[in-house]
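J.: Mind having a look at this structure? Questions to follow.
The values are calculated or read from the model by the stated rules, or taken from the named source; none is laboratory data. What you are looking at is a predicted structure, and each value in this text was computed from that prediction instead of being measured. No Cβ is skipped: glycine too gets one built from the backbone with ideal geometry, and neighbour counts run over all protein chains shown. The protein model used for the area step is the full one, side chains on, heavy atoms only, and it has no ligands, DNA or RNA in it. Shrake-Rupley method; radii C 1.70, N 1.55, O 1.52, S 1.80 Å.
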Amino acid sequence: MMLVMSSFSQKEVEFFLQSNRSFLTADGSDYVVVPFEGKTASELYSMVKSNVMSLYRNPKEVMSEDENVAIKICALKNLDWKEGCIYAYYDYYGDCSFLFQFKDGKIKVDAPSVSSQVYNKVSKSYKSFYYYVRKLFTRKGSVKQRKLKHKLRIEENINYPINYLLGFYQKNTGKDDDW
């Protein structure tokens with residue numbers, strides 16, 4: 001009963017995009033410690049590794065690991081912000097890094113990072129990630145209202161894999177796992 005209650009009390013991890021292109025938590029921290037009561041570091045490591053295997057097509061290409069201690073993911077990620085005119089929008093992709101560290105009963109998740117240059121697959125060109133992030137914010141550091149949806153999409157596309165790897169989202173939750 002206690003295990004079920006603790007799983008419902010866990011919150012998703014949220015990092016927020018800052019005007020300097022970094023990601024921080026709501027309280028300004030550059031990491032989050034997620035509690036998993038009663039789980040060993042080995043069990044937590046295995047869970048995240050299993051989720052990496054199901055999320056990425058080529059997990060060995062995006063993952064480096066120190067068994068039962070840490071997993072680092074470096075993957076090309078669609079940041080899902082669009083640029084262009086009314087009829088032609090371009091998605092930009094950036095190299096994103098996620099670091100998970102394991103101890104008994106908890107996982108430390110470092111703030112994700114995005115490469116300084118992002119890639120446009122259509123025009124096959126690179127752009128500065130910092131430059132585009134700065135366009136989302138005013139000089140005082142608040143988000144421009146008309147750019148809010150772009151900031152939220154970037155945050156969603158950064159936070160989703162973190163929460164998936166932590167086991168907060170699962171694929172095929174409505175299907176029977178009897179294969």
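J.: Exactly one of these conditions fails for residue 26: (1) over 30 Å from residue 139 (Cβ atoms); (2) free of Cβ contacts under 8 Å to residues at least 24 places away in the same chain; (3) within 18 Å of the chain's Cα centre (by Cα). Give me its number.
T.: So the condition that residue 26 fails would be (1).
J.: Also, quick follow-up: Quick test for you: out of 151, 144, pick the one residue that is modelled with pLDDT of 90 or more, over 27 Å from residue 69 (Cα atoms) and surrounded by 16 or more Cβ atoms within 10 Å (Cβ to Cβ).
T.: Values: 144 fails: surrounded by 16 or more Cβ atoms within 10 Å (Cβ to Cβ).
The match here is 151.
J.: How many residues, within region 97-117, are of a type in the set (A, V, I, L, M) and either in a loop (DSSP other than H, G, I, E, B) or more than 14 Å from residue 70 (Cβ to Cβ) (or both)?
T.: Of the residues in region 97-117, the ones of a type in the set (A, V, I, L, M) are 99, 107, 109, 111, 114.
Filter again for either in a loop (DSSP other than H, G, I, E, B) or more than 14 Å from residue 70 (Cβ to Cβ) (or both), leaving 111, 114.
Summing the residues that are of a type in the set (A, V, I, L, M) and either in a loop (DSSP other than H, G, I, E, B) or more than 14 Å from residue 70 (Cβ to Cβ) (or both) in region 97-117 gives 2.
J.: Give the number of residues within region 78-119 that are of a type in the set (D, E, K, R), at pLDDT 95 or above and closer than 19 Å to residue 155 by Cβ.
T.: Total meeting the criteria: 1.
J.: Among 39, 72, which is open to solvent by 60 Å² or more (accessible area, probe 1.4 Å), farther than 18 Å from residue 155 by Cβ and part of a loop (DSSP other than H, G, I, E, B)?
T.: Values: 72 fails: part of a loop (DSSP other than H, G, I, E, B).
After applying the criteria, what remains is 39.
J.: Can you tell me which residue is farthest from the chain's Cα centre (by Cα) among those in region 52-69 that are more than 28 Å from residue 129 (Cα to Cα) and open to solvent by less than 70 Å² (accessible area, probe 1.4 Å)?
T.: 68
J.: Oh, and also: Return yes when residue 3 is farther than 30 Å from residue 140 by Cβ and either modelled with pLDDT under 95 or open to solvent by less than 70 Å² (accessible area, probe 1.4 Å) (or both) and no when it is not. So that I can check it myself, show each step before the final result.
T.: Numbers: farther than 30 Å from residue 140 by Cβ: yes; either modelled with pLDDT under 95 or open to solvent by less than 70 Å² (accessible area, probe 1.4 Å) (or both): yes.
So residue 3 passes the test.
J.: Please state which of the following conditions residue 132 fails to meet, knowing it meets all the rest: (1) open to solvent by less than 30 Å² (accessible area, probe 1.4 Å); (2) over 22 Å from residue 166 (Cα atoms); (3) touching a residue at least 60 places away in the same chain (Cβ under 8 Å).
T.: (3)
J.: Filter region 104-129 for residues that are among the β-branched types (Val, Ile, Thr) and buried (at least 16 other Cβ atoms within 10 Å of the Cβ); which is farthest from the chain's Cα centre (by Cα)?
T.: 118
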